[in-house]
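Chemist: Structure below; questions to follow.
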Amino acid sequence: MSERSVEEIRREIAAERQRLNDDLAGLRSELRSLALFAAVGLIVVGLVTWWAGKRKGAQTVWKLVK
């Protein structure tokens, strides 16, 4: 078995650290796009709920007036 030198081990560690940094950057990018999609989805759900609530309220008032 050949022994690795200290410099070889350091280079391997640096290369692995760089790969991990690249993976982390990719995950952060995906998380940002997912967070944007989730925020837009919540806004849409809120608007639909608000609109449905206003319609129900208007229907109830109309029934009372009628």
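The values are calculated or read from the model by the stated rules, or taken from the named source; none is laboratory data. Treat the numbers as computed from the prediction; the structure is a model and nothing was measured. Here Cβ is always computed from backbone atoms with ideal geometry, including for glycine, and neighbour counts include all displayed protein chains. Heavy atoms of the whole protein, side chains included, go into the accessibility calculation; ligands, DNA and RNA do not. Shrake-Rupley method; radii C 1.70, N 1.55, O 1.52, S 1.80 Å.
Chemist: Ignoring any ligand, DNA or RNA, what whole percent of the accessible area of the chain comes from carbon and sulfur when the probe is 1.4 angstrom? All intermediate terms of the calculation are to be shown ahead of the outcome.
Modeler: Working: 4280 of 6520 Å².
Carbon and sulfur together cover 66 percent of it.
Chemist: Using only C-alpha atoms and all pairs of different ones, pull out the Kirkwood radius for the chain in Å with one decimal. Before the final figure, lay out the partial values.
Modeler: Values: mean 1/r = 0.0584 Å⁻¹.
Its Kirkwood hydrodynamic radius stands at 17.1 Å.
Chemist: Per the helix-only calculation at 222 nm, which mean residue ellipticity applies to the chain, given -39500 (n - 2.57) for every DSSP H run of n ≥ 4 and division by its residues, nearest 500 deg cm²/dmol?
Modeler: On the way: 1 runs with 60 residues, N = 66.
Mean residue ellipticity, 222 nm, calculated: -34500 deg cm²/dmol.
Chemist: Return one whole number: the accessible area per residue of the chain in Å², for a 1.4 Å probe.
Modeler: Working: 6520 Å² over 66 residues.
Value returned for the chain: 99 Å² of accessible area per residue.
Chemist: Right, next: Arg32 accessible area, nearest 10 Å², 1.4 Å probe?
Modeler: 150
Chemist: Explain nothing, just the number: dipole magnitude of the chain about its Cα centre with +1 on each Lys and Arg Cβ and -1 on each Asp and Glu Cβ, in debye rounded to the nearest 20. Each step should come with its number before you reach the end.
Modeler: Working: 12 positive and 8 negative charges, 238 e Å.
In total the dipole reaches around 1140 debye.
Chemist: On to the next question. What's the angle, to the nearest 10 degrees (0 to 90), between helix 6-65's Cα axis and the longest principal axis of the chain?
Modeler: 0
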